[in-house]
Amino acid sequence: MTEPPELYDGDDNNAHIKFQQWRQRHQDGYFLNYKGPSNTMLHRVLCWHLRDPADLDRGEDWSSLTRRKKVCSTDLGELKKWARKKGIKNLKQCQDCI
Ligand SMILES: [Zn+2]
């Protein structure tokens, strides 16, 4: 079993670029926006809340998409499993893309 990749600026300076590249390759995938055990939201990869996946420019710090941890998978079940393991009880779903 493969763990869904976790991308976070605190762990990896290239997290933003990797996240954007993952989105380009998996446009039918999903990701979690992890802000903490009580505040994590599920989105589709192409949610309009985010920048275009072709935009790899990290730019200023404020424009990084991985200031908050992102967890990526094409398998919704994997992400739900990840959330359960982290103790996330009420996984929110984006009203705009799910
Ligand atoms: Zn969304």
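The values are calculated or read from the model by the stated rules, or taken from the named source; none is laboratory data. The shown structure was predicted, so the numbers you read here are calculated from the model rather than taken from an experiment. Note that each Cβ is placed from the backbone with ideal geometry, even for glycine, and that neighbours are counted across all protein chains shown.
Residues checked against (1) of a type outside the set (A, V, I, L, M, F, W, C); (2) touching a strand residue (DSSP E or B) at 6+ places or on another chain (Cβ under 7 Å); (3) modelled with pLDDT of 95 or more; (4) over 22 Å from residue 95 (Cβ atoms):
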{"position": "6", "(1), (2), (3), (4)": "yes, yes, yes, yes"}
{"position": "11", "(1), (2), (3), (4)": "yes, no, yes, yes"}
{"position": "43", "(1), (2), (3), (4)": "yes, yes, yes, no"}
{"position": "60", "(1), (2), (3), (4)": "yes, no, no, yes"}
{"position": "64", "(1), (2), (3), (4)": "yes, no, no, yes"}
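Please enumerate the residues belonging to the stretch 25-60 that are within 16 Å of the ligand (Cβ to nearest atom) and without any contact (Cβ under 8 Å) to a residue 12 or more places away in the chain. So that I can check it myself, show each step before the final result.
So the first thing to find is which residues in the stretch 25-60 are within 16 Å of the ligand (Cβ to nearest atom), and the list is 26-35, 39-53.
Once the filter is applied, which keeps residues that are within 16 Å of the ligand (Cβ to nearest atom) and without any contact (Cβ under 8 Å) to a residue 12 or more places away in the chain, the stretch 25-60 yields only 52.
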For this session: Hand me the list of strands (runs of 3 or more DSSP E) wholly inside the stretch 1-87 holding 1 or more residues that are closer than 18 Å to residue 97 by Cβ, basic (Lys, Arg) and within 12 Å of the chain's Cα centre (by Cα).
Result: 40-44, 69-73
For this session: Please find, among 13, 39, 33, the residue that is surrounded by 15 or more Cβ atoms within 10 Å (Cβ to Cβ), out of contact with any Phe, Trp or Tyr (no Cβ under 6 Å at 6 or more places or on another chain) and of a type outside the set (Phe, Trp, Tyr).
Result: 33
Problem set entry | Count of residues meeting criterion [surrounded by 11 or more Cβ atoms within 10 Å (Cβ to Cβ), of a type outside the set (A, V, I, L, M, F, W, C) and part of a loop (DSSP other than H, G, I, E, B)] in the stretch 88-98 | 0
Exercise. Within the bounds of the stretch 16-24, is there any residue that is within 14 Å of the ligand (Cβ to nearest atom) and modelled with pLDDT of 95 or more?
Worked result: yes
For this session: With respect to residue 73, determine if the residue is away from the ligand (no atom under 13 Å from the Cβ), small (Gly, Ala, Ser), more than 17 Å from residue 14 (Cβ to Cβ) and buried (at least 19 other Cβ atoms within 10 Å of the Cβ).
Result: yes
